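These notes concern the structure reproduced below.
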Amino acid sequence: MAQSDPNRIPLLARNLHFGYRSEEAVLRDVSLTVEKGQILGILGPNGSGKSTLLRLLSGWLKPQRGVVELWGEPLGRLGAREIATQIAVVPQETHVDFPFTAMEMVLMGRAPYLGGFAFESEADIACAREAMERMGVAHLARRMVQELSGGERQRVVLARALAQDTPVLLLDEPSAFLDLHHVVAIYDLLRDLAEEGRSIVTVLHDLNLAALYCDRVVLLSQGRVFCAGTPEEVITYKNITEVYETEVYVDLNDLTGAVNVLPLSRPYREQLRQQFGERKLS
Ligand SMILES: Nc1ncnc2c1ncn2[C@@H]1O[C@H](COP(=O)(O)OP(=O)(O)OP(=O)(O)O)[C@@H](O)[C@H]1O
Ligand SMILES: [Mg+2]
């Protein structure tokens with residue numbers, strides 16, 4: 001794997017086309033580049049194809065057309081274990097059917113490094129412990145995963161991805177179940193990981209978080225890239241109103257300088273619609 005070559009791009013998607021049933025395209029002509037040391041946000045309404053895109057980027061699904069390249073090599077040519085040493089995934093939902101403890105679940109992140117039926121080494125266990133500490137779930141190590149709260153389980157799944165120790169992380173709404181404290185803790189940690197040189201792709205619904213933490217964002221609409229760029233370029237009144245089909249209030253935050261997006265109740269949405277005209281969005 002050409003990970004050490006600084007000229008290679010960690011992850012790249014070129015002209016992806018995908019449909020679960022071949023006649024219906026869920027993604028059309030989607031291209032994106034995941035730079036080293038950056039956080040890329042994937043935005044878009046429900047059903048716009050964000051999770052599907054992440055599944056293609058991880059190799060879980062294969063595109064009908066187009067290619068995903070990991071360090072310049074087509075993903076389709078690499079084995080599952082090899083991919084798992086490079087890409088860790090935090091899915092939108094994690095179902096746990098077996099009675100695993102949190103520690104056992106985090107240790108699964110070490111599986112790509114173990115041969116055949118080998119057991120985890122002391123180093124693997126230390127790595128899992130460290131990941132749990134970084135996620136603030138070390139105290140849950142012996143608890144059964146099924147018995148954890150939604151947010152606790154989510155942080156255990158994040159710890160599993162950290163224990164996998166990959167240069168690329170793909171996360172599907174990692175903060176969906178988390179309270180305010182843990183939301184910023186997770187994104188601060190993702191920022192630290194990016195600064196360590198990792199490449200992070202995160203799906204997120206919260207446009208304010210995207211503006212605060214992402215280096216670049218891709219806005220999907222009905223399976224296509226509606227636009228891509230810095231959060232300031234993409235998260236505008238015009239783009240958001242058009243793609244989400246609802247008026248929002250967009251402002252610049254005095255403290256952070258990042259864009260802020262506020263949902264509006266109906267009277268205010270109607271007021272804005274009158275102000276800007278039904279179709280004449282500025
Ligand atoms: N396993 C599947 N089989 C068939 N169709 C699917 C499957 N998974 C998703 N779809 C369809 O593909 C489209 C895109 O779904 P996807 O889950 O990628 O959207 P999303 O942007 O992640 O939405 P959300 O914000 O609700 O998570 C939707 O129309 C969905 O119904
Ligand atoms: Mg999704």
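The values are calculated or read from the model by the stated rules, or taken from the named source; none is laboratory data. Quick caveat: nothing in here was measured; it's all calculated off a predicted structure. Neighbour counts are summed over all protein chains in view; Cβ atoms, including those assigned to glycine, are modelled from backbone coordinates with ideal geometry. Accessible surface areas use protein heavy atoms only, side chains included; no ligands, DNA or RNA. Shrake-Rupley method; radii C 1.70, N 1.55, O 1.52, S 1.80 Å.
Brief remarks follow.
- Packing-based ranking of 164-175, 89-100 yields 164-175, 89-100, ordered from highest to lowest mean Cβ neighbour count within 10 Å.
- In nm, spacing of pseudo-spin labels at THR230 and HIS181 (7 Å Cα→C-beta vector): 3.4
- Qualifying trypsin sites (Lys or Arg not before Pro) in the range 234-280, DSSP loop, other Cβ atoms within 10 Å at most 11: ARG279, LYS280
- Split the accessible area of the range 236-282 by element, probe 1.4 Å, and carbon with sulfur accounts for 50%.
- The range 2-231: C-alpha pair distances exceeding 32 Å, %: 16
- At 0.692 mPa s and 37 °C, Stokes diffusion of the range 9-55 via Kirkwood alpha-carbon radius, µm² per second: 280
- Report summary: the helix-based calculation at 222 nm, which adds -39500 (n - 2.57) for every DSSP H run with n ≥ 4 and divides by the residues of the chain, gives -9500 deg cm²/dmol.
- Each residue of the range 196-204 was assigned a 3J(HN,Hα) from its phi angle through the Karplus curve 6.51 cos²θ - 1.76 cosθ + 1.60 (θ = phi - 60°); the sequence is 6, x, 7, 10, 10, 10, 10, 7, 8 Hz, with glycine and proline shown as x.
- Orientation-averaged projected area, Cα convex hull of the range 6-97 (nm²): 7.1
- Each 10 Å bin, from zero up to the one with the longest distance, holds this percent of the alpha carbon pairs of the range 236-282: 27, 55, 18, 1.
- In a DSSP loop and with at most 15 other Cβ atoms within 10 Å, the GluC sites (Glu not before Pro) in the range 195-239 are GLU196.
- Solvent-accessible area per residue for the chain (1.4 angstrom probe, square angstrom): 52
- Sites ASN46 and ARG273, calculated FRET efficiency, Cβ-Cβ separation with R0 22 Å, nearest 0.05: 0.50
- Pair-distance profile P(r), taking every C-alpha pair of the range 113-160, with 5 angstrom steps and integer %: 5, 22, 27, 20, 15, 10, 2
- Whole-percent pair-distance distribution, where bins are 10 Å wide, for the alpha carbons of the range 124-282: 9, 33, 30, 18, 8, 2, 0
- Stretch gain in nm, segment ASP165-LYS36, where the contour uses 0.36 nm per residue and the Cα spacing is subtracted: 44.9 nm
- Net lengthening on full extension, GLN92/GLU23 (0.36 nm per residue, minus Cα-Cα): 22.3 nm
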